[in-house]
1. If I filter the stretch 123-132 for residues that are touching a Phe, Trp or Tyr at 6+ places or on another chain (Cβ under 9 Å) and of a type in the set (D, E, K, R), do I get at least one hit?
2. Whether any residue in the stretch 192-214 is buried (at least 18 other Cβ atoms within 10 Å of the Cβ), in a helix (DSSP H, G or I) and in contact with a His (Cβ under 6 Å, 6 or more places away or on another chain) is what I want to check.
3. Restricting attention to the stretch 60-83, does a residue exist that is surrounded by 15 or more Cβ atoms within 10 Å (Cβ to Cβ), at pLDDT 90 or above and in a helix (DSSP H, G or I)?
4. Would you say Glu56 is at pLDDT 85 or above and of a type outside the set (Phe, Trp, Tyr)?
5. Quick one: would you say Thr174 is surrounded by fewer than 18 Cβ atoms within 10 Å (Cβ to Cβ), modelled with pLDDT of 95 or more and of a type in the set (Ser, Thr, Tyr)?
6. Residue check: is Asp213 at pLDDT 90 or above and over 17 Å from Arg89 (Cβ atoms)?
7. Report every pair of residues separated by at least 6 positions or lying on different chains whose Cβ atoms are under 9 Å apart, first residue within the stretch 91-113 and part of a helix (DSSP H, G or I), second surrounded by fewer than 13 Cβ atoms within 10 Å (Cβ to Cβ).
8. Can you pull out the residues in the stretch 162-213 that are farther than 22 Å from Leu140 by Cα, in contact (Cβ under 8 Å) with a residue 40 or more places away in the chain and of a type in the set (Val, Ile, Thr)?
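The values are calculated or read from the model by the stated rules, or taken from the named source; none is laboratory data. Treat the numbers as computed from the prediction; the structure is a model and nothing was measured. Backbone-built Cβ (ideal geometry, glycine too); neighbour counts: all protein chains shown.
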Amino acid sequence: MNKNHVFLMLRKGITDGSYENGERLPPERNLAQQFGVARGTLREGLRELENAGLVERRQGSGTYVTYGVEDSQPSILGEVSPLELMDSRLAIEPHVCRKAVLHATDADFRRLDRMLRNMERNTRDIVGFSELDAEFHQALAELSGNRMMHWLISSMSGARAHSQWSRVRSIVLTPTAITMYNQHHRAIVDAIRSREPEAAAARMKKHIVAARDSLQRVAEV
């Protein structure tokens, strides 16, 4: 289980009312044991929840739920179609890459390279690749230096946990498609590393359009 899994599981507990608005989440050590992850992984998942506006982390006090029933935004993720999600990503993620060119450091590239290697080892593991892919795109959004972009991408990643995406990913995420997406990912990172904002944006657009086209073909069947 990685930080994206932690994010999705806790997000479900928050949005379905298992954790109420204003409630303090269990201590980090308890949550880490519950999910079977390291404390560092858990903290990364909590940070994603905070970026999505679902929790507030208070120094020396704990992590508190800030999502209430009146907060309708997260619930729409269960209603949007995979094509709607791709259209939204197409509007945002190319510019995320332009911004990442300005902010990514050597340490960030080492982290991205580890992610690329992990994804390349998961060409036949649909669920594993999907989780790693979501983590990769969230990492790029974080590198944009724009908190709103990071929040939007983190929030949209939650849509992948819903049934519509689960149904189609087993069809579209073939080993051949995953290999192609991994090549796209490397090309995107190479452009960011070379400090070429328009090339990075164009490669991200190509990547998302290819994924959208695959989903479109499934929708037409």
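1. Taking the stretch 123-132 and keeping what is touching a Phe, Trp or Tyr at 6+ places or on another chain (Cβ under 9 Å), we get 123, 129-130.
Still in the list and also of a type in the set (D, E, K, R): none.
So far as the stretch 123-132 goes, no, none of its residues is touching a Phe, Trp or Tyr at 6+ places or on another chain (Cβ under 9 Å) and of a type in the set (D, E, K, R).
2. yes
3. no
4. Working: at pLDDT 85 or above: yes; of a type outside the set (Phe, Trp, Tyr): yes.
In short, yes.
5. Numbers: surrounded by fewer than 18 Cβ atoms within 10 Å (Cβ to Cβ): yes; modelled with pLDDT of 95 or more: no; of a type in the set (Ser, Thr, Tyr): yes.
Taking the combined requirement at face value, the residue does not satisfy it.
6. No, not satisfied.
7. Listed by first residue and then by second, the contacts come to Arg98/Glu198; Val101/Ser194; Val101/Arg195; Leu102/Arg195.
8. Matches in the stretch 162-213: Val168, Ile171, Val172.
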